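Participant: Mind looking over this structure? Questions follow.
The values are calculated or read from the model by the stated rules, or taken from the named source; none is laboratory data. All of these numbers come straight from a predicted model, not from anything done at the bench. Positions of Cβ are backbone-derived with ideal geometry, glycine not excepted, and every protein chain shown enters the neighbour counts.
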Amino acid sequence: MEYSVQATAPGKIILLGEHAVVYGQPAIAVPVHQVQATVTVASAGPESGLTIAALDLDKVIHIADAAPDDPLAAMIRLTLDHLHVPAPDAWLTVHSTIPIAGGLGSGTAVSTAIVRALGAYLGRELAAESVSRLVYEVEKLHHGTPSGIDNTVVAFGKPVYFVKGQPIETFSVGTSLHLIVADTGVASPTRVAVDDVRKAWEQDTAGYERVFSQIGTIVKEARTIIETGGAEARLGELMNRNQELLCTLGVSSSERECLVVAAREAGAMGAKLSGAGRGGNMIALVKTEDQRQVADALRHAGAVRVIGTVVSASTRAPES
Ligand code: PMV
């Protein structure tokens, strides 16, 4: 009889602190549960080995023949090594509603769902911290020097206040935050933006460190506001200020600026890029009643995809 299990993982956005987080400053990220990756593992015939079917990529690979740097195969191998088990005879099917290379963490969510599904299939449910650690290893294949914020927020599925190398802090949200996420439609590999910032930092270390530390100060204040609730207008100001500093770092773009301006003109309390920058996503903090007009303005200004998401006040930090 066929046996199968399924696991999911959400998308994510970085609210504040991207780039500076790579240099030890705090950043805040939240899960986006409206989109998700789903992985199903189903038993297959004896001696058939493990086959991966990535439906959205039209890709079917046998784990035994996969290239060493294939991210899906790498995630599976790492998980099996961690669990000290050989590859089972099974089909592992990957499907995701998270746009690829859109800054919503599609690769991270797929990796996370793979670890969870494979663990569950093998009767070994893994704790969020272990899942996050394993996914981080594959993130390094994509990004070179990732801070670890993406794997943390996706594996925990809760808002996180993240400082590289420090214990993970999830936190509760005082008042629900309504966000609009808009995609510029310009693909922007995280690795390139991160490498460019590193080169610029090497040229002007003191100047860049100053900007990073200003971003860190913004993130600390923002965390208090988000936890306490209310003061959304101030949170919006902090997002706008963070955006200015990201421009100073050279990671915005004309497409992005255009969306940021359109969102603010349509009534957003704050708007900024989210993630690595250049292309990819921007986010806007809106009042419930302004959601539609800001979303319409963003589409009108050229956004290729607009998603509304709520960071819910009911989210509570776990006892971790
Ligand atoms: O491109 P994204 O959404 O994965 O975000 C990258 C965030 C950076 O701070 C630029 C890099 C990192 O590893 O934290």
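Participant: Of the residues 35, 21, which single one is in a helix (DSSP H, G or I), within 14 Å of the ligand (Cβ to nearest atom) and under 30 Å from residue 238 (Cβ atoms)? First the steps, then the outcome.
Facilitator: Values: 35 fails: in a helix (DSSP H, G or I).
After applying the criteria, what remains is 21.
Participant: Among the residues of the range 164-202, write down those that are polar (S, T, N, Q), within 14 Å of the ligand (Cβ to nearest atom) and outside any loop (DSSP other than H, G, I, E, B).
Facilitator: If the condition is that a residue be polar (S, T, N, Q), within 14 Å of the ligand (Cβ to nearest atom) and outside any loop (DSSP other than H, G, I, E, B), then 190 is the only one that fits.
Participant: I need a count of the residues in the range 203-224 that are assigned to a helix (DSSP H, G or I) and without any contact (Cβ under 8 Å) to a residue 24 or more places away in the chain. Let's see the steps before the verdict.
Facilitator: At the first step, the residues of the range 203-224 found to be assigned to a helix (DSSP H, G or I) are 203, 205-224.
Filter once more, keeping what is without any contact (Cβ under 8 Å) to a residue 24 or more places away in the chain: 203, 205-207, 210, 217, 221, 224.
The total comes to 8.
Participant: Just a yes or no: is a residue in the range 277-293 buried (at least 17 other Cβ atoms within 10 Å of the Cβ), modelled with pLDDT under 95 and over 23 Å from residue 159 (Cα atoms)? Talk me through it step by step, then tell me what you get.
Facilitator: So the first thing to find is which residues in the range 277-293 are buried (at least 17 other Cβ atoms within 10 Å of the Cβ), and the list is 277-286, 290-291.
Filter again for modelled with pLDDT under 95, leaving 277-282.
Cutting the leftovers down to over 23 Å from residue 159 (Cα atoms) gives us 278-279.
Yes, some residue in the range 277-293 is buried (at least 17 other Cβ atoms within 10 Å of the Cβ), modelled with pLDDT under 95 and over 23 Å from residue 159 (Cα atoms).
Participant: Next up: Can you work out which of the residues in the range 1-18 that are in a strand (DSSP E or B) and hydroxyl-bearing (Ser, Thr, Tyr) is nearest to the ligand (Cβ to nearest atom)? Talk me through it step by step, then tell me what you get.
Facilitator: If we filter the range 1-18 for residues that are in a strand (DSSP E or B), which is where we start, we get 4-16.
Subsequent filtering for residues that are hydroxyl-bearing (Ser, Thr, Tyr) retains 4, 8.
Working: 4: 30, 8: 19 Å.
Only one residue tops the list, namely 8.
Participant: Is it true that residue 116 is among the charged types (D, E, K, R) and under 24 Å from the mean Cα position of the chain (by Cα)?
Facilitator: Details: among the charged types (D, E, K, R): yes; under 24 Å from the mean Cα position of the chain (by Cα): yes.
For residue 116, the condition - among the charged types (D, E, K, R) and under 24 Å from the mean Cα position of the chain (by Cα) - is met.
Participant: Report the residue count in the range 102-129 for those that are part of a helix (DSSP H, G or I) and either closer than 23 Å to residue 162 by Cβ or not hydrophobic (A, V, I, L, M, F, W, C) (or both).
Facilitator: We begin by selecting, within the range 102-129, every residue part of a helix (DSSP H, G or I); these are 106-121, 128-129.
Pick out the ones that are also either closer than 23 Å to residue 162 by Cβ or not hydrophobic (A, V, I, L, M, F, W, C) (or both) and you get 106-116, 119, 121, 128-129.
Here the count works out to 15.
Participant: Continuing with the same structure: Restricting attention to the range 225-247, and to residues there that are in contact (Cβ under 8 Å) with a residue 40 or more places away in the chain and surrounded by fewer than 17 Cβ atoms within 10 Å (Cβ to Cβ), which single residue is nearest to residue 198 (Cα to Cα)?
Facilitator: Ranking the qualifying residues of the range 225-247, first place goes to 227.
Participant: Considering only the range 44-56, I want to know if a residue exists there that is in contact with a strand residue (DSSP E or B) (Cβ under 8 Å, 6 or more places away or on another chain), assigned to a strand (DSSP E or B) and within 16 Å of the ligand (Cβ to nearest atom).
Facilitator: Scanning the range 44-56, I find no residue that is in contact with a strand residue (DSSP E or B) (Cβ under 8 Å, 6 or more places away or on another chain), assigned to a strand (DSSP E or B) and within 16 Å of the ligand (Cβ to nearest atom), so the answer is no.
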